[in-house]
Structures are given as C-alpha cells and as structure tokens.
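Worksheet: the structure to be examined is printed underneath.
The values are calculated or read from the model by the stated rules, or taken from the named source; none is laboratory data. In this text the structure is predicted, and so the values were computed from the model without any measurement. Cβ coordinates were reconstructed from backbone atoms using ideal geometry, including for glycine residues, and neighbour counts include every protein chain displayed. Calculation scope for accessible area: heavy atoms of the full protein, side chains included, ligands and nucleic acids excluded. Shrake-Rupley method; radii C 1.70, N 1.55, O 1.52, S 1.80 Å.
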Protein chains: 2
Amino acid sequence: MAESTRLVDLVQTRIDEFLAEQTPQLASIAPELDPFITFSRGFLAGGKRFRALFCYWGWQAVASEGSVFDLAPENSARADLPAVVTAASALEVFHAAALVHDDIMDNSDTRRGSPSAHKRFESMHIDGLWLGNSSVFGKSAALLLGDLLLSWSDELFDTGLRQLPSADAARAARTEYNLMRTEVTVGQYLDILEESSWATAEEAELLSRAHRVIVYKSAKYSVEAPLSIGAALGGASLQQRAALREYGLPIGIAYQLRDDMLGVFGDPQITGKPAGDDLREGKRTVLIALARAGMSSSSRRIFDELLGDRDLEETQVSMLQQTIRDSGAIERVESIIDRNVGQAIDTIRDAPLSASAREQLIQLADTVIKRAS
Amino acid sequence: MAESTRLVDLVQTRIDEFLAEQTPQLASIAPELDPFITFSRGFLAGGKRFRALFCYWGWQAVASEGSVFDLAPENSARADLPAVVTAASALEVFHAAALVHDDIMDNSDTRRGSPSAHKRFESMHIDGLWLGNSSVFGKSAALLLGDLLLSWSDELFDTGLRQLPSADAARAARTEYNLMRTEVTVGQYLDILEESSWATAEEAELLSRAHRVIVYKSAKYSVEAPLSIGAALGGASLQQRAALREYGLPIGIAYQLRDDMLGVFGDPQITGKPAGDDLREGKRTVLIALARAGMSSSSRRIFDELLGDRDLEETQVSMLQQTIRDSGAIERVESIIDRNVGQAIDTIRDAPLSASAREQLIQLADTVIKRAS
C-alpha cells in the first residue's frame, strides 16, 4: 500500500498548492474572504481519499509499465503523472463541495468531528454580533462556499486535463467527469425524494428504488466514476474501461451496503457516530427495504412509526436493531455484498489490466468491504 | 439591433438543444427526474440575455470582418460562431444556476413572476402528500438543481471551447471564465456579509464596502466578464481586452446603480416588483450609503430602524424615499452613473475594435443605463 500512501500525500500537496494559488486572489478582493480559504483547507485535509485512489488506480491499471513509485524519480515518472494527481485532487475538491452542500441539506452540525461549514459561518455571525438570523446566514454562506468549491474543482480538473499529452484522453476523461457530476447530483435528489415519498410509493418498488439511490449516489460516484476517469486519463481501451466499470459498480454497491450496515449496527467507538444514527435519521436504505419485506405487516407498522424519529431512546434503537436482525435482512445484505465483491474480483482477475493494479484493486475491494468505520 | 435579436434566438436554440441532449440521460436514470428538465427549461426561457449579448459583442468587437449576420449564411459565418453561441449559452445556464441558489438564500417565492425553484419543489412535496417538511425539501431539491445547472454550464462552456479553432483562445477564455465564477461567488458572499455586518463596520467604510459588492457581484459578472470571455474567444490582443475591460467595468457599475435606483424608486407597473422593494429588504446599496452619509445623525437613526423592516407600510416607504431624496443621494448617484457611462464611451470610441461593435457597445450602454425595468 506504499504506493497508495504516496498518492494520498501527493494529492494533499496538490490541494494545498491549489488553495495557496487562490489565496492572493481572494485576499485582493477583500480580507473578509479569508474564511473561504481557511474552511476549505479544513474540509480538504485528510479523509479516506477513496475517490483519488480509485482515480489513480484506474490510470495505473491501464499503464503498461510497472509501478511509478517503485522507480527512482528521475527516470520513472510517466509524463502524465502530474495530470493524474491534479485530476484526482479535483475529485476530492468536488467531494468537499458535495459534503458542504450535503450538510446544509441534512442540517448536520458536524463533519468528521468538527463543525460543518454552515455551523462555522453561523458561529462567525454569532461572535460578530451581526444582524439577522445566524442560522440563515450560516447556510447561505455555506451554500456559496460549496458553489465556489464546485467551480474550483472544475478549474483544477481542467488544469489536470491540460497537463495531459493526449487530447483524446483529455476529452474522454472530461466526458466521464461530466457524467459523474450529473449522476451524483440527481442521485442525491433521488435520495431526498425517497426519504420524503417512500410512504406513497408502491411497496413492491421500495427495494429497487433504494437500490437506485445506492447506484447513483454512491456506487458510481465513489468507485466506478473515479476509476473510469483515471482509466480515461491513461488512454484506456474500450475493453479496459468496460472491465473497470464491471469491477467498480459492484464494489461501489458493496461499499454502500457495508455503510448502511454500519449506520445501523456500527460501533460508535469506531464509526464516530451515535449508535443507530441512520435509524433516527430514517434513511430508507436497501437494508431497511429488505428488513421491511421480511416483517409481518403488524411489525412493519410499528417499525415505520419509530424509524426516523429523531428522539428515539436507546432501548427503542435496540428494538429496531433486533427487528432488523429477526427479519433476516443482515444475512441477505451480507450475501449481496459477497456476491458483488465476488463478481468484481472475478472480472478483475482476467481483465486486460496491469498486474500490479489488478492486485491492488483486489486488495482495495477487501479494504472497502471489511471496514468497520 | 437585429444582430442582437438574432443572437438571442441562437442562444435560446442552443440552450433548448442542450437540455434536449440531457433529457434521455436523466430519463434513463429515473422518471422522477423530469422536474430537473422542466424547471430548467422554465428558468432558461427568455430573460434579457445581457451576459450572452456582452459575450457576443466582445467577440464581435475583435473581429476584423463586418457583422456576421449581415452576410448570407453560406459564405459568412466565421468558423468560431458556433463556439461563441455555445459559450454565451453556457453563461446563461450559469446565471440560471446562480438565480436558483439566490432565491434560496433570499427566500424569494417568485422569479420573473413565476414560482422560484424551491417553491416549485415545495409544491410537489405538498401535492404528493409526502413526509417531512415541504419547505426543507423544496430548498434541498433546489440546491441540487442549482448544482446540476452549475455542472451543466461548465459542460456546455467546455463544449464551446472545443469548437474553437484556436487552443490559445480556448485557454484564455477558460481563464476569464474561472475568474468570473470565483469573483461572482465571493461577491455574493460580500453582499450577504454586508447585510449582516454593516452595523458593526466603520461608518466611514460603508460606501466603499457597498461599492465593492457592486463591482464583484454585478459589474464584473454581468458586463466585464462576459465581454472579456467573448473577446478571448475571438483571440483578442491584450490591448483589445484592456479596452473592453475599461468599458465593461464602468458600464457594469452604472447598470447596477440604475438597478439600485429602480429598487427604491422604480414604477411597480414597469419593474414588476412592489414599490420600495429594496427598502423592505434592507439592501445596503451605494444609494443607501450615499443617502445615509447626507443625513443628520438623528434622521439616520430613524432611517436605520425602518430600513429592512419587511412589514413597512406604504406611507413609511414614501417617507424613506423622501428622506433619500432630501439627502441629495439621487443627484450623486445620477452623476456617478453619468461619469461611468461617459468614461466607458470615451474608452470605446478610440479603442482598437471593430466599428460595428463599437457602435453597438455605445448603444448597449444607453439601453443599460436608461432602462426603467
């Protein structure tokens, strides 16, 4: 994993460099814009960098040479490495924008244990004894910060494309990137739509609707798209891109299913979220759809009444957890995860991709699936 | 103005075409995404198209040939006309995104006499008898629609750049576009910051702070940037771009100052907004800063208490209007407008730009400044 660790460092350096480039421009407009840089730096520090990693490994997978990082810098680096690092960094900036907007929509006070963007702006408003509603100011300012990060992600991605030696590769990567942005945005809409409208939808459709949210909001966005973008940057053949997609989608689905399980059964000590957090939020996940399908209609009525109640007590959370266990949904989700991972690994074993990348992707599949946080 | 009219038609056609291209993609994901297309089409129909026009005239200004539209289509159209129409359309899509997000921040129920995006989504929620808070759903959905339009504007702009024969021109236009996005986003932040924090700022700084908002939120965004982008698309020399900037900034400032006047004194029959709308909103414009500077401190105290009160009665609005008149601020604003327009026209007269474009820009200056709505 040394190569992945090194990539994560390169991405952090590139992001820091980009933010440093933006700083004098904002400072020249107004000193009051400083929070845009400071908060961005905060949200762009650390994180798992899965998207950047999948982008890198998608690129590496179609390389004919071995690992870039195994060789001495002076004679090793492929000419397009800086382009890939820049594009991978852009994916992380895009993700930061999405999280800033997500937190507004979910009304989340924290992000990775620190105050979310709108909460930070809200505090500025309170501390400055400014006029008007602090919460409204906080959300408006965070909306604009998210918009700025969206623009910046695009600017950075474009810079990456211009560093590429091949115009065809740049165009292919741009197409994948555009697709990703549209899909994740409408996927998020389908998610909030589901939360609002599930009760008026057909009972028989709930599972497929929950699955659709996973596919667009998570699986494609977090795995398939970054891999495809990376592969496109590397000038992948159609066959290579198809193989990476066939790996990426099921891994992405498995990743999100694991996330759903952690949201209900995760250890608060490890996840950093309260136990049963998703139950209080009332998320209509695949796990929940499967659980409901396995309940008697009377249990389901009680279940529906409790799910999404922000004030659930611990005993109620335990009861909901037990009901889900009793429904047999856990075994079903675990078996779907296994099937997806198996399918992904089978695809990758015989794919026309570099050996080191194939091995890495198989390892990444494992990391993604077995994680506890 | 036939050429401008024709351009507006071409832009509408290009936008319709772009939305038609997106339709099958969204439909293939989920039929529930239809509102994203329908609402976008609504927000992208009509409007003044100032940004597209300035982009076009910036491009036309650096053309050595005469008017594109004066000639027969088969032997006239410059090779880069489709690129310019596409880029100009992208500016309008970007603007639609900004308006969707603006309406969320301002909590505006209407946009051009129809319900704003969040209100439309809110109605869907109410009509569908969905769960949760309709207003929250409306705002989250509109936030995502705005994000999607931001991505789409960028996608469309990039398509325009790829249609350009010159890579240098594409790069120059991209740089201007990136600058525009950053400046308008932080300009909007400075605007909401001013509304919240003016009372705790230094009295002596209020005018320059209000001026800074005008420059970044309006003047550069609505006039200078579209002109610069158009000029860059046309391969403008540094001298030509400087001349267009020297024209664009003061015209943009004059445009916004006229807007501020209309917001306070405009005829509701013509503007379509209630009389004194800006007074109820409490906008801290240059007009207001100048008015306050010309008041006795006791009048200013009363003025500050009333300004921004959403429930102002008509007699109170009239009183505020009279106080502004008495302060001499109207004459000062009119003289700033005149000075800016004069400066812009002087610049353009001797600029190394095409004769037809120079004439057109002088006419546009007039339209922009003398408008009553």
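Things worth noting here:
- Positions within the stretch A:23-57 being in a loop (DSSP other than H, G, I, E, B) and either open to solvent by less than 40 Å² (accessible area, probe 1.4 Å) or among the small types (Gly, Ala, Ser) (or both), in sequence order: A:30, A:44, A:45, A:46, A:47, A:49
- The stretch A:208-239, residues that are part of a helix (DSSP H, G or I), away from chain B (no Cβ under 13 Å) and open to solvent by 20 Å² or more (accessible area, probe 1.4 Å): A:238, A:239
- Residue that is farthest from the chain's Cα centre (by Cα), among those in the stretch B:136-191 that are of a type in the set (Val, Ile, Thr) and under 20 Å from residue B:51 (Cβ atoms): B:159
- Residue in the stretch A:251-264 that is open to solvent by 60 Å² or more (accessible area, probe 1.4 Å) and under 30 Å from residue A:366 (Cβ atoms) present: no
- Just one of the listed residues (B:173, B:97, B:167) is within 13 Å of residue B:40 (Cα to Cα) and either touching a residue at least 60 places away in the same chain (Cβ under 8 Å) or among the small types (Gly, Ala, Ser) (or both), and it is B:97.
- For the stretch A:144-151, the count of residues that are charged (D, E, K, R) and touching a residue at least 12 places away in the same chain (Cβ under 8 Å) is at least one.
- Single unsatisfied condition, residue A:242 versus (1) open to solvent by less than 20 Å² (accessible area, probe 1.4 Å); (2) more than 14 Å from chain B (Cβ to nearest Cβ); (3) part of a helix (DSSP H, G or I): (1)
- Evaluated against (1) modelled with pLDDT under 95; (2) within 19 Å of residue A:35 (Cβ to Cβ); (3) touching an Asp or Glu at 6+ places or on another chain (Cβ under 9 Å), residue A:106 falls short on exactly one condition, (2).
- Exclusive hit being within 19 Å of the chain's Cα centre (by Cα) and either at pLDDT below 90 or on the phi < 0 side of the Ramachandran plot (or both), set A:256, A:239: A:256
- Residue check, residue A:106 within 18 Å of the chain's Cα centre (by Cα), open to solvent by 30 Å² or more (accessible area, probe 1.4 Å), within 12 Å of another protein chain (Cβ to nearest Cβ) and not basic (Lys, Arg): yes
- Selection within the stretch B:25-60: residues that are touching a residue at least 40 places away in the same chain (Cβ under 8 Å) and more than 21 Å from the chain's Cα centre (by Cα). The member of this set that is nearest to residue B:352 (Cα to Cα) is B:36.
- The lone exception for residue B:2 - which of (1) open to solvent by 10 Å² or more (accessible area, probe 1.4 Å); (2) over 22 Å from the mean Cα position of the chain (by Cα); (3) without any contact (Cβ under 8 Å) to a residue 40 or more places away in the chain it fails: (3)
- Exclusive hit being under 30 Å from residue A:127 (Cβ atoms) and open to solvent by less than 10 Å² (accessible area, probe 1.4 Å), set B:156, B:91, B:145, B:193: B:193
- On inspection, residue A:271 fails the criterion of being crowded, with 21+ Cβ neighbours inside 10 Å, among the polar types (S, T, N, Q), touching a Gly at 6+ places or on another chain (Cβ under 9 Å) and away from chain B (no Cβ under 14 Å).
- Tallying residues that are among the acidic types (Asp, Glu) and away from chain A (no Cβ under 12 Å) within the stretch B:14-56 yields 2.
- Whichever residue in the stretch A:58-89 is acidic (Asp, Glu) and not in a helix (DSSP H, G or I) and, among such residues, is modelled with the highest pLDDT: A:80
Every residue, every condition in (1) within 24 Å of the chain's Cα centre (by Cα); (2) surrounded by 14 or more Cβ atoms within 10 Å (Cβ to Cβ); (3) among the basic types (Lys, Arg), yes or no:
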| position | (1), (2), (3) |
| --- | --- |
| A:337 | yes, yes, no |
| A:342 | yes, no, no |
| A:352 | no, no, no |
| A:360 | yes, yes, no |
| A:363 | yes, no, no |
| A:366 | yes, no, no |
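- Against the list (1) of a type outside the set (S, T, N, Q); (2) at pLDDT 95 or above; (3) crowded, with 17+ Cβ neighbours inside 10 Å, the condition residue B:20 fails is (3).
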